[in-house]
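In what follows, a single structure is set out as structure tokens and then discussed.
Computed from the coordinates by the stated procedures, all read-outs in this text should not be read as laboratory data. As the structure is a computational prediction, the values presented were derived from the model and not from experiment. We place every Cβ from the backbone using ideal geometry, glycine too, and count neighbours over all the protein chains shown.
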Amino acid sequence: VLLFCMLTGNFPWENADIGDIYFKEFILWQRRKTTKIPSQWRKFTPRLMKFFRKTLDIKPNRRSSVKELSKY
């Protein structure tokens with residue numbers, strides 16, 4: 001989330017809650033329920049989106065390790 005804020009000057013959502021429309025968009029994309037890139041994230045490259053998908057997984061045990069992320 002910090003990287004998103006640094007790149008855009010905004011938070012990706014107000015609350016990490018399914019009631020927040022921006023968070024809901026992200027979660028649907030994260031879980032691959034839709035191929036539609038969340039509106040707040042469309043400015044990023046596919047490679048950076050892959051990075052975000054790996055770092056912001058809802059389940060902490062599925063997030064990538066620092067070693068894996070250093071490839072980006």
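Other residues within the sphere of radius under 13 Å centred on the Cβ of Q40, judged by their own Cβ, net out at +1 (K and R +1, D and E -1).
Round to the nearest 0.05 the FRET efficiency obtained for N15 and S39 when R0 = 22 Å and r is the Cβ-Cβ distance. Result of the calculation: an efficiency of 0.85. Taking Cα atoms only, the orientation of helix 46-55 departs from the longest principal axis of the chain by about 90 degrees. Between the alpha-carbon centres of the stretch 50-72 and the stretch 31-48 there is a gap of 15 Å. The lysines within cross-link reach of K71, meaning a Cα-to-Cα straight distance under 23 Å and a gap of 8 or more places when in the same chain, are K43, K50, K54, K59. The C-alpha atoms of the chain define a longest principal axis, and helix 21-30 lies at about 40 degrees to it.
Each Cα pair under 8 Å and six or more residues apart adds its sequence gap; the mean of these over the residue count of the chain is a relative contact order of 17 percent. Matching the structure-derived Rg and Dmax of the Cα atoms in Å against the labelled list (i) 11.9, 34; (ii) 16.8, 52; (iii) 16.6, 46 gives the label (i).
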